[in-house]
Amino acid sequence: MKRVTGIGGIFFKADDPDKLRSWYRVHVGIESEKEGGAIFKWRKADEPTSERCTVWSPFPADTDYFAPSAKPFMINLQVENLDEILTQLKAEGVDVDPKVESYDYGKFGWIMDPEGNRIELWEPKV
């Protein structure tokens, strides 16, 4: 079973997310959406009609969205068949968050790696 199909996002804590977004806009050219992150659109090489995206977003330093990880970042990985992957990872002894959330843009699940990094798994809507 193919597990990861791409990087869905890079999320990190910042002392002043608005100021940091402004710095990146001015000096690097990353334009953030009103939700606070930048969206980089791309297409799968083997499915050129399938549009995907990678999100870049600073979060407030006091966010608990990365919990239980104490790390200042979280990586989102795109997957296919989220439920199957989470079942397989749990069978392999991976720390799998029992919570799964669904939105109009896809389903999300979370795991922890051996070093305490929270990894978000995202199955985009097709």
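The values are calculated or read from the model by the stated rules, or taken from the named source; none is laboratory data. If you're wondering where the values come from, they're calculated on a predicted model, not measured in any experiment. Positions of Cβ are backbone-derived with ideal geometry, glycine not excepted, and every protein chain shown enters the neighbour counts.
Details
- Annotation for the stretch 72-92: at least one member residue is more than 20 Å from Ile10 (Cα to Cα) and touching a Gly at 6+ places or on another chain (Cβ under 7 Å).
- Looking at the stretch 21-104, the strands (runs of 3 or more DSSP E) lying wholly inside it that each contain 3 or more residues that are touching a strand residue (DSSP E or B) at 6+ places or on another chain (Cβ under 8 Å) and modelled with pLDDT of 95 or more sit at 47-60, 73-79.
- Whenever a residue of the stretch 10-30 is without any contact (Cβ under 8 Å) to a residue 60 or more places away in the chain, its partners that are part of a helix (DSSP H, G or I), lying with C-beta atoms within less than 6 angstrom and at least six residues away or across chains, give the pairs Ala14/Leu20; Ile30/Tyr24.
- With respect to (1) free of Cβ contacts under 8 Å to residues at least 12 places away in the same chain; (2) under 12 Å from the mean Cα position of the chain (by Cα), the lone exception for Met74 is condition (1).
- Filter result (more than 28 Å from Arg43 (Cα to Cα) and touching a Ser or Thr at 6+ places or on another chain (Cβ under 9 Å)) within the stretch 72-111: Val96
- Only one of the listed residues (Ala45, Ala61) is touching a Lys or Arg at 6+ places or on another chain (Cβ under 8 Å) and surrounded by fewer than 17 Cβ atoms within 10 Å (Cβ to Cβ). That residue is Ala61.
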